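The values are calculated or read from the model by the stated rules, or taken from the named source; none is laboratory data. For clarity, every value in this text was computed on a predicted model and none was experimentally measured. Reconstructed Cβ throughout: ideal geometry from the backbone, glycine too, with neighbour counts over all protein chains shown.
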Amino acid sequence: MTTIGIIGSGALGSNVARALAKAGIRATISNSRGPTSLSALIEETGPTITAGTVEEAASADVVLIALRWVDLKQVLSKLPAWNNRIIIDGTNPVEFLDSQSPDANDSANPLAAYGIKAIDLGNQYSSALVQDLVPGARVVKAFNHLGVEVLAEPQASGGQRVQFYSGDDSAAKGEVRKILETAGYFPVDLGTLEVGGRLASLPFGPLAAINFIKIQ
Ligand SMILES: NC(=O)c1ccc[n+]([C@@H]2O[C@H](COP(=O)([O-])OP(=O)(O)OC[C@H]3O[C@@H](n4cnc5c(N)ncnc54)[C@H](OP(=O)(O)O)[C@@H]3O)[C@@H](O)[C@H]2O)c1
């Protein structure tokens, strides 16, 4: 059976865990504060989700990265070799702003009202930079384009919530697709990381934050 780990238990990681739990999918979730800090979440999700260390979550066959962009390098550089395992890149290249910082009220920042600021990647697409941080892993981008308030409900309004995913390795994409389907989402393949990743990446991808429901 494919094992799943989640690194990061904030808005993204916890809501993916909730969605997986509803479908009875097992996963190990982790954060910076250690497994005991996750007891309330585990009580809520039930026994298919277990709390672990970052190293335990990172040892799974499929590992969701649910970290803020600014923390990626520090966390990922400490992890053991990926050996062809699958990373789901759930991140977006944005900086979270402190509400007291001058950036939070910067009229030149179109995202200030959302408490975030885009990080300039030049011409690069974000998963290429993530791929550089996880050498030997097969990166699939998913879970990054929806607001977390809807993520934990793969089924809604009489249909299935569309989850976009993209990647450069078709077998890895197939594994992630199976997880998305089992969780109850309607997975839509957007192609390669360069094409699909850009389409669905927040904040400026044209499919970012678009919340489609597939009605049967
Ligand atoms: N929020 C959204 O609506 C949304 C939607 C889609 C994608 N995303 C993307 O998802 C990513 C995470 O966003 P978020 O909103 O979930 O952020 P968040 O709520 O701040 O959660 C970040 C998580 O990262 C963990 N973390 C930080 N440093 C760590 C370390 N050294 N080792 C292990 N874990 C560490 C934190 O641990 P602690 O809990 O111990 O502090 C926390 O659980 C971002 O890239 C964001 O752009 C967010």
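When you look at residue 173, is it basic (Lys, Arg), within 28 Å of residue 25 (Cα to Cα), at pLDDT 95 or above and surrounded by fewer than 18 Cβ atoms within 10 Å (Cβ to Cβ), yes or no?
Here the answer is no, as residue 173 does not meet what is asked.
Within region 16-41, how many residues turn out to be under 18 Å from residue 58 (Cα atoms) and crowded, with 21+ Cβ neighbours inside 10 Å?
Total satisfying the criteria: 9.
Does region 6-18 contain at least one residue that is more than 10 Å from the ligand (Cβ to nearest atom), modelled with pLDDT of 95 or more, of a type in the set (A, V, I, L, M) and closer than 27 Å to residue 116 by Cα?
Yes, because at least one residue in region 6-18 is more than 10 Å from the ligand (Cβ to nearest atom), modelled with pLDDT of 95 or more, of a type in the set (A, V, I, L, M) and closer than 27 Å to residue 116 by Cα.
Tally time: how many residues in region 25-41 are under 20 Å from residue 182 (Cα atoms) and aliphatic (A, V, I, L, M)?
Number satisfying all stated conditions: 3.
Looking at region 153-178, which of the residues that are under 14 Å from residue 64 (Cβ atoms) and within 13 Å of the chain's Cα centre (by Cα) is nearest to the ligand (Cβ to nearest atom)?
My answer is 163.
Would you pick out the residues in region 107-138 that are away from the ligand (no atom under 14 Å from the Cβ) and in contact with a Leu (Cβ under 9 Å, 6 or more places away or on another chain)?
109, 112, 125, 128, 131, 134
Of all strands (runs of 3 or more DSSP E) completely enclosed by region 57-169, which ones contain at least 3 residues that are of a type outside the set (D, E, K, R) and surrounded by 15 or more Cβ atoms within 10 Å (Cβ to Cβ)?
So the answer is 62-65, 86-89, 138-142, 159-167.
How about region 65-104: which of its residues are hydrophobic (A, V, I, L, M, F, W, C) and out of contact with any helix residue (DSSP H, G or I) (no Cβ under 9 Å at 6 or more places or on another chain)?
70, 81, listed by residue number.
I'm trying to understand the selection: among the residues of region 71-88, which are within 9 Å of the ligand (Cβ to nearest atom) and under 21 Å from residue 205 (Cβ atoms)?
72
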